[in-house]
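The block underneath contains the structure these notes are about, expressed in structure tokens.
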Amino acid sequence: MKKNLLLSIFMLSTLLFISSCAKDEDPKQEPTEETGTVTMNLNYVWGMNNSAFSLNTPLTHPMTGEVLTFETLKFYVSNIKFKSEEDGTWWSQEESYYLVDASLPNGSTLTIPGVPVAHYTEMSFTIGVDSARNVRGAQTGALSVANNMFWSWNSGYIMIKAEGTEASAGGFAYHLGGFSGPNSVVTELGADFSNSHLMVEKDQTTGMNFNVNPAKFWHNFPGGVAATNSLMAPGPDAALMASEFVASIQFTGF
């Protein structure tokens, strides 16, 4: 009887000791990745001399001579990626969809959080929305149909929208879309900063600057608004106009 009691006390003491040790030990934790934030600042310029551009302001086109007043300028930026200097791998932002809107105070500054701390030599991004998201149906955020950038009659996003007036020819409206086939306007762009490097530091914000030149819409449309004042569906003209606008987006530095 006494022997059994001593054995029970010993076993209970052992269990209490093990339990106490387990509580004192710190649980294993995965190291938290250090990250920073990158901002992509889209600055609007006009014409060959990169003069000032703003909505609701008459601007003379350098090629056509037409006096244009933009009332709307919106476009999608998506699938943002950065290439590491260290090992050449690419970091891709998840759910990377932004609607750029020149009418909003901060509508042309894209904030990219959670970028791993590193030096980067290249960037890749897309103007437009990839095909998978074009056919997914109702979505939220930048891809919400409430943003008036989705064709209800023709499944797919309006990738680039420009609307306004011309002093003598009247209004213009370009809703440029199409995500498949030869007339797709979805275009991948790159920025090379291997000579200067994008440095992302812990809990810091690094800004990148790009110029956007809306005068390029008419670069291959010498007749201007008078000749082509409306494009509202996918097609070769929409693809051509979109390609010229996209080509105007240029990295200018940090």
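Every number here is computed from the coordinates shown, using simple stated rules; none is lab data. Keep in mind that what you see is a predicted model, and the values were worked out from it rather than measured. Here the Cβ positions follow ideal geometry from the backbone for every residue, glycine too, while neighbour counts run over all protein chains shown.
Taking the numbered list (1) closer than 20 Å to I80 by Cβ; (2) assigned to a helix (DSSP H, G or I) in turn, A215 passes all entries but (1).
Screening region 74-87 for residues that are touching a Phe, Trp or Tyr at 6+ places or on another chain (Cβ under 8 Å) and farther than 13 Å from I127 by Cβ and picking the one that is surrounded by the most Cβ atoms within 10 Å (Cβ to Cβ) gives F82. Tallying residues that are in contact with a strand residue (DSSP E or B) (Cβ under 7 Å, 6 or more places away or on another chain) and of a type in the set (G, A, S) within region 227-242 yields 3.
Residue count for region 181-222, restricted to those that are at positive phi and out of contact with any Phe, Trp or Tyr (no Cβ under 8 Å at 6 or more places or on another chain): 2.
Filtering region 202-244 to residues that are under 24 Å from V38 (Cα atoms) and either surrounded by 15 or more Cβ atoms within 10 Å (Cβ to Cβ) or without any contact (Cβ under 8 Å) to a residue 40 or more places away in the chain (or both) leaves T206, M208, F210, N211, V212, N213. Against the list (1) closer than 14 Å to F75 by Cα; (2) assigned to a strand (DSSP E or B); (3) under 21 Å from the mean Cα position of the chain (by Cα), the condition E163 fails is (3). Among the residues making up region 78-136, those that are touching a helix residue (DSSP H, G or I) at 6+ places or on another chain (Cβ under 8 Å), part of a strand (DSSP E or B) and more than 27 Å from S196 (Cβ to Cβ) are Y97, L99.
Can you find, within region 38-59, the residue that is surrounded by the most Cβ atoms within 10 Å (Cβ to Cβ) among those that are assigned to a strand (DSSP E or B) and of a type outside the set (A, V, I, L, M)?
Keep residues of region 38-59 that are assigned to a strand (DSSP E or B), which gives 38-46, 51-52, 59.
Okay, now just the ones that are also of a type outside the set (A, V, I, L, M), so 39, 41, 43-44, 46, 51.
Working: T39: 15, N41: 15, N43: 15, Y44: 18, W46: 22, S51: 13.
Out of the qualifying residues, it is W46.
Hey, can you tell me all the residues within region 137-158 that are part of a loop (DSSP other than H, G, I, E, B) and surrounded by 14 or more Cβ atoms within 10 Å (Cβ to Cβ)? Quick ask: steps written out before the conclusion?
Keep residues of region 137-158 that are part of a loop (DSSP other than H, G, I, E, B), which gives 137-140, 144, 148-149, 151-156.
Those that are part of a loop (DSSP other than H, G, I, E, B) and surrounded by 14 or more Cβ atoms within 10 Å (Cβ to Cβ): Q139, M149, W151, G156.
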